[in-house]
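To start, the structure itself, in structure tokens.
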Amino acid sequence: MSRARKLLNLIEAADYLQIVNKTARSAGAVGKRAIVPRYVASIATPSDKILDYGAGPKAIHTEMLRNQGLDVTAWEIGKNFVKGVHDINALKRTYDIVYASNVLNVQPSKKYIEKVVSRISKLVRPGGKFVCNYPISPRKSDVSAEELIELLIKYFRKVERCGGTKKAPLLVCFK
């Protein structure tokens, strides 16, 4: 790889981190109002290993689910990573359930959505589940909900809408 290409990749990575780190929030549809962790709580058992992918700097959903007796690991990137809150080795293991609340919608392009989905699919154990939402706001790319579902089908054997709306679905994907 040329030196110019390496530099371009570094700039692109820095821009990507800035975009996704800016979207972390601790107000609005988080905590008890957040649909993704509520759904996870309804399907998980205490023996399940669960990953909160893109937990945010305070890992509010992780803590909420832990308080319900669930085994949840928090993972985050960039400036949103907080030592003692997030597990830097989280992506080296596999899980029964991986969830991403307000993660796919903040990816800046279809390419990045696919990178995230590809990575997550490798973290889900055979027989496991990936739970995600795809809210309209904020949505950083022009990928529609239907296009997202088509992309998810490439990585998971079955994808079901389990809540939300047609344009802003809550999805569960089966490995």
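The values are calculated or read from the model by the stated rules, or taken from the named source; none is laboratory data. Remember, it's a predicted structure, so these values are computed and weren't measured experimentally. Methodologically, a virtual Cβ is constructed for each residue, glycine included, from the backbone with ideal geometry; neighbour enumeration extends over all protein chains shown.
It is to be established whether one or more residues within region 72-84 are within 17 Å of the chain's Cα centre (by Cα), at pLDDT 95 or above and part of a helix (DSSP H, G or I).
Within region 72-84, not a single residue is within 17 Å of the chain's Cα centre (by Cα), at pLDDT 95 or above and part of a helix (DSSP H, G or I).
Which ones in region 42-71 are free of Cβ contacts under 8 Å to residues at least 40 places away in the same chain, outside any loop (DSSP other than H, G, I, E, B) and not basic (Lys, Arg)?
Those that are free of Cβ contacts under 8 Å to residues at least 40 places away in the same chain, outside any loop (DSSP other than H, G, I, E, B) and not basic (Lys, Arg): Ser42, Ile60, Thr62, Glu63, Met64, Leu65, Asp71.
Here is a yes/no grid of residues against (1) touching a Ser or Thr at 6+ places or on another chain (Cβ under 6 Å); (2) modelled with pLDDT under 95:
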{"site": "Arg93", "(1), (2)": "no, no"}
{"site": "Tyr99", "(1), (2)": "no, no"}
{"site": "Asn102", "(1), (2)": "no, yes"}
{"site": "Val106", "(1), (2)": "yes, yes"}
{"site": "Ser109", "(1), (2)": "yes, yes"}
{"site": "Ile113", "(1), (2)": "no, no"}
{"site": "Ile120", "(1), (2)": "no, no"}
{"site": "Gly128", "(1), (2)": "no, no"}
{"site": "Ala145", "(1), (2)": "no, no"}
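Within region 85-118, take every residue that is closer than 10 Å to Leu51 by Cα and hydrophobic (A, V, I, L, M, F, W, C) and give me the one that is surrounded by the most Cβ atoms within 10 Å (Cβ to Cβ).
Step by step, filter region 85-118, then rank; the result is Val98.
One line per residue, one yes/no per condition, for (1) out of contact with any helix residue (DSSP H, G or I) (no Cβ under 7 Å at 6 or more places or on another chain); (2) hydrophobic (A, V, I, L, M, F, W, C); (3) crowded, with 17+ Cβ neighbours inside 10 Å:
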{"position": "Ala74", "(1), (2), (3)": "no, yes, yes"}
{"position": "Ile120", "(1), (2), (3)": "yes, yes, yes"}
{"position": "Phe130", "(1), (2), (3)": "no, yes, yes"}
{"position": "Asn133", "(1), (2), (3)": "no, no, yes"}
{"position": "Lys140", "(1), (2), (3)": "no, no, yes"}
{"position": "Ile153", "(1), (2), (3)": "yes, yes, no"}
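Tally up the residues in region 105-141 that are within 20 Å of Ala44 (Cβ to Cβ), part of a helix (DSSP H, G or I) and touching a Leu at 6+ places or on another chain (Cβ under 7 Å), please.
1
Could you check how many residues of region 155-173 are under 21 Å from Pro126 (Cα atoms) and either of a type outside the set (A, V, I, L, M, F, W, C) or at pLDDT below 95 (or both)?
5
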